Amino acid sequence: MHRLTVFGVTGRMGQAVLRAVREGGEFALAGAVASEHSASLGRDAVLDGPPCGVRVSADAAAALAGVAVALDFSAAPAVAGHAAACAAAGVPLVVGTTGLDPGTVEVLREAAARIALLVAPNTSIGVNLLERLTAIAARSLGDAFDVEILEAHHRAKRDAPSGTAIRLGEAVAAARGEPLAVHAEFDRHGDVGPRRAGAIGFAVVRGGDVVGEHTVLFAGDGERIELTHRATDRMIFARGALRAAAWIVGRAPGFYRMQDVLGL
Ligand SMILES: NC(=O)c1ccc[n+]([C@@H]2O[C@H](COP(=O)([O-])OP(=O)(O)OC[C@H]3O[C@@H](n4cnc5c(N)ncnc54)[C@H](OP(=O)(O)O)[C@@H]3O)[C@@H](O)[C@H]2O)c1
């Protein structure tokens, strides 16, 4: 049984992780962290079910005492602080939070010199397979096919395009041997002119309770290939995150990805 700390425990994903912990049996919740402004500070970490006996706190260091692994599904600006606290405590960390800025990624790389750290903007097995299939398709189809990446999420999602959409774009760019930044087109409005050769376009839909949908569209002359993943239940992300957390316990310091967990 691994003792686990969850950052962002009061959120949609944090609560899904607690449900996955209850259905699993491999983890025991030991630390539950939210922001210092959280309305749930001092409450039981399970907000919508039988209490688990662990209270919500804003003290990351105290919540990490004696735990085997930590999971972060909080907010992008909080991630650097959580990673630094994990590095100081020697606790491996799985980061599921998306929208990380370059400064945060740098802090994560520094932390990965001291602890095992896995960054997974999408912890679903299906999406990670989609990323692999996207790389294969991009390599096979080459420049003759235009690539567009479409994603849809619920109305509360803060970052856009999703971390997963960007990761899919990176998979296409890497298959072509180029950085995504050179070819990404995030905004199209007004007289934008014809499509730029080699562009990787992004389209974003926000609304309702959509859990997460991603399509990679390869549009050629006379034919089109669409690779799509639809998430209908965020428990897939929670179960995948626990699978990553179990995998990272006892690993050497380093920077890992979900592909390492799944052997993709
Ligand atoms: N990797 C994946 O597969 C995957 C899947 C789904 C979502 N996500 C990502 O996971 C993250 C969370 O998503 P969500 O839908 O669960 O969001 P959410 O419902 O808004 O929950 C955010 C959580 O973070 C906490 N929080 C906010 N600011 C914080 C801070 N400064 N310090 C510590 N905790 C803080 C919030 O606590 P209080 O408000 O109570 O303080 C809350 O518990 C997002 O980045 C999302 O894109 C990843």
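What the table below lists for this structure:
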read-out	value
For the chain, share of DSSP beta bridges that run antiparallel, in % to the nearest 5	35 percent
Net charge contributed by nearby residues that have their C-beta within less than 12 Å of V249 (K/R +1, D/E -1)	+2
Tilt relative to the chain, helix 235-248 - C-alpha long axis, 0 to 90 degrees, to 10	70 degrees
Segment 214-223 - phi-based ³J(HN,Hα) in whole Hz, Karplus 6.51/-1.76/1.60, Gly and Pro as x	9, 10, 9, 9, 10, 10, x, 8, x, 7
Stokes-Einstein translational diffusion, the chain - Kirkwood Rh over all Cα pairs, 0.890 mPa s, 25 °C, in µm²/s	127 µm²/s
Computed lengthening from R158 to D260, 0.36 nm per intervening residue step minus Cα-Cα distance	34.0 nm
Helix axis angle, 12-24 relative to the chain longest principal axis, alpha carbon, degrees	70 degrees
Least to most buried among H154, H189 (fewest other Cβ within 10 Å first)	H189, H154
Longest site-free stretch - the chain; sites: GluC sites (Glu not before Pro), DSSP loop, at most 15 other Cβ within 10 Å	37-222
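Where a number appears in this text, it was derived from the coordinates with a stated rule and is not lab data. No experiment lies behind these values; they were computed from the predicted model shown. Methodologically, a virtual Cβ is constructed for each residue, glycine included, from the backbone with ideal geometry; neighbour enumeration extends over all protein chains shown.
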